[in-house]
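Sharing a structure with you now.
Readers should treat all values here as calculations from the given coordinates under stated rules, not as data from a laboratory. As the structure is a computational prediction, the values presented were derived from the model and not from experiment. So basically every Cβ, Gly included, is an ideal-geometry build from the backbone, and we count neighbours across all protein chains shown.
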Amino acid sequence: MAKQIFGYIMVVILFIWSIFGIFFCVKWETNKDKVNSVNEYIQLVEDMQDVVDSLKLENAKLKFDFSNLTTENEENKELVVTITNNFNDLQERYNALSSELETFRQKNADLLSSNEELNTMVENLQTEMLDLQNEITRLNGLLAGYEDIKNGTFEVDFFNEETLHVAKVVTNGKCVSDVEEPVKEGFDFDGWALSSDVENIVDIYTFPITENVTFVAKFTKLHIVNFKNGSEIFSTQQVRNGEYAQHNFSEILSNPDFKGFALSNDMSTLVDVSTIPITEDVTFVAVYKKFNKIYTTNTSVIGVNEIDVAGLNSSDLYRVTLTNLVFKISPNMAVGVTQSLFLLQGENGYTWGVTSMGKKYYNVVVSKGETITLTYGSDENLVTINLSVDCNVNGKLTVNYSISGVNVLCNFEITKLVLSCVEVWN
């Protein structure tokens, strides 16, 4: 019995030992993979450093040989071209290694997140590469002007921020030509300024070069200006910092209910868009008159001088709706028939009818200070009807109407006109 128990214990011990063995083997393999990954990363960084060092050496050769090109010499020129080609080959190798390194970083992000030293090395290499790229751009530009060296030339560099945009070789006393405008996201290019006087823009195409000079690109910030009508943005502009937005929106401005524009962050205050210098992204919102009070009257205005509208003041901004307009044409001779014409709703506005049966009257809306003109007939038989409204200091409303015509054979008269409602705006 004791032997059996001992045997069981040994089996359990061996099982536990095998589990620990498997765990440590897996752990060892995992750590080995991590070590291999780090070593691979270090090798990539070292390869990049080798390339950058080679680039620096080739660049030094290029600068040295170019500095000796004081006279036309085909052998020197060919040497410079050779070194330039070598530089380009090394640059391609650098780009390939950079791509490989970035792929490695993405696959091993967790592993490398704590390895700050290696990541700093890569960032430093990339900074060195930018400096080298600027230098080779400049030297390539100088090489393009090699033929003019014997005439006496100067180097002209054009920088966009810290990046060399282009380099030129210009004969003494001449001006540069064909410089492509630089681009900067969210900015508008103003022109070029001397690095020694960055506040003043110069015309590079009329600026004589008499020494080695550096120009820097000058930009102005662009701001986004939106114009909204309700929830819809109906116009978007890019406006230079400190300048003004344009707002010639005839559809909006011609709306009789349009009051003006307000900034989206202060809808209670109307602003004059043309007087606000734009210094940040802004949104202007169209503001319209709103109903504050509506008075329904259904009052005939024929023969009535004043209509009492409770609560209406002469200072209020208001409009009225006139309807059921009928005017009569009567011959002023014994011969002829008197005819009544009704102002009716047409397909695209108003029309005149000889009866209102089964028809809908046309509503004429007249705002404070406005005169609405209606016409009937044409040419020598044209009849004109003018409608307007006034409110006196006592709040009494007067509807003014008049008829004029060139037909001397007839008399014209408004026989029916109803004030249906008065709207007061806030």
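Report the calculated FRET efficiency for SER177 and LYS56 (r = Cβ-Cβ distance, R0 = 30 Å), to the nearest 0.05.
The formula returns an efficiency of 0.40 here.
Rounded to whole Å and sorted largest first, list the principal axis extents of the Cα atoms in region 245-331.
66, 36, 17
Which aspartates and glutamates does LYS359 reach when only Cα atoms under 18 Å apart count, and residues fewer than 8 places away in its own chain are ignored?
Cα-Cα hits under 18 Å: GLU347.
Quick one: of LYS290/LYS396; LYS328/LYS368; LYS290/LYS360, which pairs are farther than 24 Å apart, Cα to Cα?
LYS328/LYS368; LYS290/LYS360
Beyond 20 Å, how much of the Cα-Cα pair distribution for region 324-383 remains, as a whole percent?
36 percent
Enumerate the amide H contacts of THR297 below 5 Å, restricted to partners 5 or more residues apart or on another chain; note that Pro and chain-start residues carry no placed amide H.
Placed amide hydrogens put CYS421, VAL422 under 5 Å from THR297.
Can you list the residues, at least 5 places off or on another chain, whose amide H is less than 5 Å from the amide H of VAL309, using H built in the peptide plane?
Counting only residues 5 or more places away or on other chains, the set is LEU397.
While we're on this one: Taking Cα centroids, how far is region 284-328 from region 147-212 in Å?
Region 284-328 and region 147-212 have Cα centres spaced 68 Å from each other.
If you place +1 on the Cβ of every Lys and Arg and -1 on the Cβ of every Asp and Glu, how big does the dipole about the Cα centre of region 273-371 come out, in debye to the nearest 20?
380 debye
If you don't mind, another one. Taking +1 at the Cβ of each Lys and Arg and -1 at the Cβ of each Asp and Glu, which of GLY369, ALA310, CYS410 sits farthest along the dipole of region 288-426 towards its positive end, judged by Cα position relative to the Cα centre?
Highest projection toward the positive end goes to ALA310.
Above 21 angstrom, tally the Cα pairs of region 248-393 and express them as a % of all pairs, no decimals.
Taking all Cα-Cα pairs of region 248-393, the fraction more than 21 Å apart is 62 percent.
So which aspartates and glutamates can LYS289 reach, going by Cα to Cα under 13 Å and dropping same-chain residues fewer than 8 places off?
ASP257, ASP316, GLU423
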